[in-house]
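The values are calculated or read from the model by the stated rules, or taken from the named source; none is laboratory data. Since this is a predicted model, take the numbers as computed values, not measurements.
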Amino acid sequence: MSLGTATQYVEMSGHGELWVDADGLPVRLLIHVDFPAATGANDQFSADISTTFTGWAEAAESAWSQFWHDPTLIFTQPAAVMGISPQAAQQAGLFLGLGLFILGLTALAL
């Protein structure tokens, strides 16, 4: 048993276009293919194939995907990577500082 590619596919030729949107997602694919004439046939045939792509879901970029693409963000923009606003980070730092201060005073009093 031997397997091979049909000569009609090996000898075919063609061209095509791929249209993409602003997000880099395919919108339309156009392909024109010319098949060679079959053995004993006088005419060859061609095919035009058109495919339209729609309904792409919006991809939400998570903090982890941002961190995956640029690990230095954890040092340069830690609030953005963690998905919190600068105001929330400032408030969390204030509460953490006050909590540690009270814990330290309690430890000194004991």
Study note, to complete from the structure: Within region 53-98, residues under 28 Å from A22 (Cα atoms), among the aromatic types (F, W, Y) and at pLDDT 75 or above come out as F53, W56, W68
Review point. What about A109, is it within 30 Å of V10 (Cα to Cα), modelled with pLDDT under 90 and not polar (S, T, N, Q)?
Key: no
